[in-house]
Amino acid sequence: MNDPKDSLDLGFQPSYRVEARIFAKYILKTKPNAKVAISMPMTISGKDYVNGIKISWGRRIQLIIAEEGYETTEPSDRIPTSSS
C-alpha cells in the first residue's frame, strides 16, 4: 500500500466563495422564501463568503435581511447571536 498509484486520497478545499454559492443554492432550493441574517468574521475570507452568497442569489438578494460583522479577536461572549 506504499505505492502512490494505490492511493485513493483526493484533496479538495473549495474557496469560501464557492462554498457560499453551494450553500446559497441549497437555501433557495429548500427554503425559497427564507429570510437570512448573516454573521461573518470581518476578514477577507468572511467578506468573500458573503459575496459568494450575493452573487449566487442575484435578484433574490433581498432574502438577506441583516448582516453583522465581528472581529475574530473579540471575546466570544461579544459575538452577535440570534438571542442577543
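The values are calculated or read from the model by the stated rules, or taken from the named source; none is laboratory data. Bear in mind that the values here come from a model prediction, so they are computed numbers and not experimental data. With ideal geometry, Cβ positions are generated from the backbone for all residues, glycine too; neighbour counts draw on all protein chains shown.
For the range 20-30, the set of residues classified as out of contact with any helix residue (DSSP H, G or I) (no Cβ under 6 Å at 6 or more places or on another chain) and either outside any helix (DSSP H, G or I) or crowded, with 16+ Cβ neighbours inside 10 Å (or both) consists of I27 only.
Okay, residues lined up against (1) in a loop (DSSP other than H, G, I, E, B); (2) surrounded by 14 or more Cβ atoms within 10 Å (Cβ to Cβ); (3) touching a strand residue (DSSP E or B) at 6+ places or on another chain (Cβ under 9 Å); (4) modelled with pLDDT under 90:
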residue: M1; (1), (2), (3), (4): yes, no, no, yes
residue: L8; (1), (2), (3), (4): yes, no, no, yes
residue: P14; (1), (2), (3), (4): yes, no, no, yes
residue: P32; (1), (2), (3), (4): yes, no, no, no
residue: I38; (1), (2), (3), (4): no, yes, yes, no
residue: V50; (1), (2), (3), (4): no, yes, yes, no
residue: I53; (1), (2), (3), (4): no, yes, yes, no
residue: Q62; (1), (2), (3), (4): no, no, no, no
residue: P80; (1), (2), (3), (4): yes, no, yes, yes
